[in-house]
Amino acid sequence: MKRIEDYLPLSQATYYILLSLREVRHGYAIMQDVEEISHGEVTMGPGTLYGALGKLEKQKIIVKADVDEEDRRKYYHLTPLGKDILQMEYKRLESLVKNASSIIKGMEGEHDDSQKV
């Protein structure tokens, strides 16, 4: 059986898709939400989105939601596994930033002398 760590690291697109699925959404709404929560840094087309959704569904990270049968759109939501993966990825990213913070701040204002001829 796979451990949660085996799913990490997530791609940037997958991370934002999972964040978007904090509530039940259909594909177009996921695309809009990803663009909004990433402040426009991540935009995805239908091919990228539906490819990712298919893979996430196969891995049981997300499932299709039961909605009004007259609505032809497919709705998705996170499984408990998906929530655990998203939270662990957040902690992993947070740790990366925390561990590098003082190093990066120490580099601010430095000039790269290696490029001088």
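The values are calculated or read from the model by the stated rules, or taken from the named source; none is laboratory data. None of the values given here were measured: they were computed from a predicted structure. Every residue, glycine among them, receives a Cβ derived from its backbone with ideal geometry; neighbour counts consider all protein chains shown.
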>> With the requirement that a residue be assigned to a loop (DSSP other than H, G, I, E, B) and either closer than 24 Å to Arg92 by Cβ or among the basic types (Lys, Arg) (or both), what does the stretch 1-39 give you?
In response: Met1, Lys2, Arg3, Leu8, Pro9, Leu10, Ser11, Leu21, Arg22, Glu23, Ser38, His39
> What tally of residues in the stretch 73-91 results from selecting those that are part of a helix (DSSP H, G or I), basic (Lys, Arg) and surrounded by fewer than 14 Cβ atoms within 10 Å (Cβ to Cβ)?
Replying inline: 1
>> Go through (1) modelled with pLDDT under 95; (2) in contact with a strand residue (DSSP E or B) (Cβ under 6 Å, 6 or more places away or on another chain); (3) not polar (S, T, N, Q) for His111 and report which single condition fails.
In response: (2)
> Among the residues of the stretch 1-30 satisfying the criterion of being among the charged types (D, E, K, R) and touching a residue at least 40 places away in the same chain (Cβ under 8 Å), which is surrounded by the most Cβ atoms within 10 Å (Cβ to Cβ)?
Replying inline: Arg25
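Select from the stretch 42-72 the residues that are surrounded by fewer than 12 Cβ atoms within 10 Å (Cβ to Cβ) and modelled with pLDDT under 95 and list them in ascending order.
Correct list: Gly45, Pro46, Gly47, Asp66, Asp68, Glu69, Glu70, Asp71, Arg72.
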